[in-house]
Structures are given as structure tokens and as C-alpha cells.
1. Go through (1) in contact with a Phe, Trp or Tyr (Cβ under 8 Å, 6 or more places away or on another chain); (2) assigned to a loop (DSSP other than H, G, I, E, B) for Val199 and report which single condition fails.
2. For the stretch 292-305, enumerate the residues that are crowded, with 21+ Cβ neighbours inside 10 Å and modelled with pLDDT under 95.
3. Does at least one position in the stretch 476-495 carry a residue that is in contact (Cβ under 8 Å) with a residue 24 or more places away in the chain, among the hydrophobic types (A, V, I, L, M, F, W, C), part of a strand (DSSP E or B) and at negative phi?
4. How many residues are part of a loop (DSSP other than H, G, I, E, B), surrounded by fewer than 19 Cβ atoms within 10 Å (Cβ to Cβ) and touching a residue at least 40 places away in the same chain (Cβ under 8 Å) if we restrict to the stretch 133-166?
5. Working carefully through the options Arg241, Arg254, Arg260, find the one that is at pLDDT 95 or above, within 25 Å of Leu119 (Cα to Cα), of a type in the set (D, E, K, R) and touching a strand residue (DSSP E or B) at 6+ places or on another chain (Cβ under 9 Å).
6. So which of Ala434, Ala469, Ala439 is at pLDDT 90 or above and under 30 Å from Ile204 (Cα atoms)?
7. Give the number of residues within the stretch 221-238 that are within 21 Å of Ser123 (Cβ to Cβ) and modelled with pLDDT of 95 or more.
8. Return the residues of the stretch 354-397 that are buried (at least 19 other Cβ atoms within 10 Å of the Cβ), within 31 Å of the chain's Cα centre (by Cα) and β-branched (Val, Ile, Thr); say none if nothing qualifies.
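The values are calculated or read from the model by the stated rules, or taken from the named source; none is laboratory data. Keep in mind that this is a model prediction, so the values were computed, not measured. Glycine gets a Cβ as well: all are built from the backbone with ideal geometry, and neighbour counts include every protein chain shown.
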Amino acid sequence: MTVSARLVVLLAAMAVLAGCGSPGFDKAGGRQAGHPVVLTLASFLVGSSELDGFASNVWRLSGGTMRIDVKDRWRLGQVRYENGLVGDVRAGKADLGVVGSRAWDSVGVNSFRALTAPLLIDSYALQERVLRSPMIGQMLGGLRALGLAGFGVLPGPLRKPLGITRPLLKPGDYAGLKIGVQQSLVASATMRALGATPVWFPAIGPITGFGGVEQQISLIAGNQYDRAGKYLTANVSLWPRPLVLFANGNTWARLTTAQRHILSQAVTDDQAAETNFLRGDERTSIAILCRRGLPFLDASPADLAALRRAVQPVYAQLDRDPQTRRYISQIEAMRQGTPAEPAPACAPAARLAGGAGPFDGVWRYTDTPADLRAAGVPQGDIVPENYGTFRMVFDRGRFAYQQENRLACTWAYGTFTVKGNEVEELVTDGGGIAPTNSANSPGEFFTFRWSLYRGVLTLSSVKGAVSPAPLKPLVRISTTPSAHFLSRRCLPPAGALPH
């Protein structure tokens, strides 16, 4: 149940990729006969969800003659990971790369700074308008100075202030705090304008020791930053994190005009779908954080006005560059014609209640990496936490879950409710031996359709729900619920199940 939510949507589109060969260019730079051109893409992202649509579009538009091989977690754990990734693509260690637009100013490319201007792009609708405008092509031209070819920008999540020691609603709340940001000179200048000290930290890095961080809602939930952060300012969007896709200069030179067009068009074709994915991913994460009890706070109109006044020195600095000043003016004009989007908020809590159910007992199934590949799971999602022997204990509205193989042993527990032919599961907590940090986390909520026949339980995904269902039916190994059937290697905490 730890396979990414977007996987459910992309299985059919990506299944054809599983059997592709790996050869790419031959020594003369052309395509080897009978093989697709395989372009390696260095990505700092953990998982390929935000790039799956682009990769699928490349395969589709090329008729199977081009394939993107995403290498994620590139330089994971480094503070200046995006700088390093840019350098690696320049050096030819990967054909393509993707980094946040925020990072380019720290390698001497200033053409993207308007995308990170504080409090400017504050909605997904506005971001999509900006990314479809002619200014993006002009911004991409700035990469030529580094010997790189930019071919598109994908939308990214909106970044919010997460207070750790106190709420971050007005400029005075930032004063004297260390605020964690991910590498960006504009973000650093913004925090200094608010009276804080910016500190760059790595992707998925710990946030202890900070007074607050700027972060997207999905990673606050996924990285469990709400364990340290206690106050989310929901109606303040500091900036988005768009993704800039680019190519090594020599790789770009070897591609034909048609192949270059395919890469650019694949980005354009994915923009609307990616925006919808980001909205859906954020809604899911909001629900998780609300179930965990993270307060969603709103800055008052006076607070918002004060924040805008406080960051004016940043705009004065950006305006010194005529090109950036022109981009900001164009974005401000687009903003006037774009309806505001409501701030994230918690919906009324739904109460889960359960009694003795039709499938109380102990269940088990086993799958392998080969089973995942056969189902069309992208290689990046075939991680140790997603295959092996799975055991589930259902007991009067409570469940405990365990996954185990040689490399991983994870657990989760929580509550469940049976409603007709559907079962809802709310995760209380998860953990265990998780080499890629892909264990279930508190607040995750799953809905499945179920059917039971002769001791075999089948769970299937519900359309529109974040519910990556088991690949195989579960076989009942006991009608008596008991944790004794779980592996001693990674038991859930005591109290996970009723006594």
C-alpha cells in the first residue's frame, strides 16, 4: 500500500516502458537499429511521479523511438544538490536534467528569478498561465550561457510557511528565527527582508533546529515535518517550485529537430495534467495533515499587507535587471485576470467506527519485483518496501499490516470501517526497516472495494480515491485475529490491535 498514488493513474500508460531495451546513441550519435534512443534524466526528486507524464508523452509522441530513463534521488542529502545536478549534466554524466527554477540564480542564470518573486505567483491557475506564456521560452534561453539547452518548464507545488517555534503570520513573526529554505538566492533575500536568517537544507532533510521552513504541503505530510512544525500558514503562498527541464549541449546537438520538438511538446502536453496532479496530491496531503491535527492558520488582511511591504526590498533588487522587471510586470498583469483560489483548510472530520467485520482474521499474500514489472509499475517505484510477503490482521475495527523481504520489513496500523462493498482504512502510524523511506505515515487514508469468496479476499481500487490496491488476492490463514502471525522482525507497537 505504499506505491505512489499517481501510479494508479499511470500504470496503463507506462506499462509499455517496462520492456524497453537500454541502448541509446551509437558512436556516430545516431539511433542504433532496432532500439529506441534512451535519454537519462538526472532528477533530484524522490520518486518519478512529477515526471511520469512527461516520460510517457515522449514515448507516445515518438512512436516508441525515444525513451526517458529517470534517475531520481540525484545527489540526495546534499545541501547544494541542484547546483551539483546542473554541473553533472554539463559534464555529460546524464543526458538531461531537471531542477527547480529557484536554483538557477545560484549558478549564475538569472532569467528564472521572476518565478520565485515573493508572494507573486500564489495559485496553480496563475502558475499555469505563466508557464504557457512566451516568457518561458525567453527564460529558457538563459541556459545557453552554461552550454545547456532548456526545453520546458513543468508546474510545481506552492510553498507555504511552516512555523516550528511559533506561527508565521506577519513579518515580526520571522524576526530572529532561522528559516530553512532550499537553495535559492531570492528565497534567502526574502527571509532576510522579513528579519530571519535563511539556512539552506537538503531535500527531505531534517528540520529540527529551525524556527520555521518554507515547504510544500505534500512534503510536510510525506516527510512528517508536522512532527516538528506546528503552524501552517495556509493562505500565504511564498512562491511555487516549477521544474526546469534541460539537456546537455552535446546531447542536444546529436538530436534531430524532430526529436528536440518531441521533448518540448512532451512538456507542454503534460502541463495541464501535472497541474491537476499537484492539486490532487495537495488535497490528499491536506486531509492527512488535518487528521494528524496540524493547525491550518490564515494571516489576516493586515498581516498579508505587511508581508508585501516587508518584501519590497527584494523586488527593488530584482527590478535592477530589466528583463526580470519586465517578467514580473507581465505576471502581475496575468494575476489581475486570474481568479483567486481558496486557501487550504481542514474539512469536518469524518468519524471512523468499526465492529466485528466480515473479514476479521489474518490474511497474507506475496508478490515480487517481477510481479510489479508485469503490472506496469515504473522501475523507480519497485523499491523494497513495495514487494515481499504482506500480512494483515483485521480485528473489530482495528488493523495491523506488515510487509517483509530480505531488505525491508515495514509495519502500519490504524482503524478501518466496512461500508457495504467498500472498506476505509485510516493509518495511525507506520515504520519499520524502510531503506527508501517509503513506509506508511500517520493520517494516510485508503478506500478499497472488497469481495470475499471461500477464504480469498480481493481488494480493488476505488475510482477517484488514493488507494493503491494489492496486486494479488489475500488468502485467510486464520479466522482468529492475532499479532502472533506477524514477523518478530518488525512488529507494530503494542496496542496496535485490541487485546
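1. Of (1) in contact with a Phe, Trp or Tyr (Cβ under 8 Å, 6 or more places away or on another chain); (2) assigned to a loop (DSSP other than H, G, I, E, B), only one is false for Val199: (2).
2. Leu294
3. Yes; the residues of the stretch 476-495 include at least one that is in contact (Cβ under 8 Å) with a residue 24 or more places away in the chain, among the hydrophobic types (A, V, I, L, M, F, W, C), part of a strand (DSSP E or B) and at negative phi.
4. Of the residues in the stretch 133-166, 4 are part of a loop (DSSP other than H, G, I, E, B), surrounded by fewer than 19 Cβ atoms within 10 Å (Cβ to Cβ) and touching a residue at least 40 places away in the same chain (Cβ under 8 Å).
5. Arg241
6. Exactly one of Ala434, Ala469, Ala439 is at pLDDT 90 or above and under 30 Å from Ile204 (Cα atoms), namely Ala434.
7. 7
8. If the condition is that a residue be buried (at least 19 other Cβ atoms within 10 Å of the Cβ), within 31 Å of the chain's Cα centre (by Cα) and β-branched (Val, Ile, Thr), then Val377, Val383, Val393 are the ones that fit.
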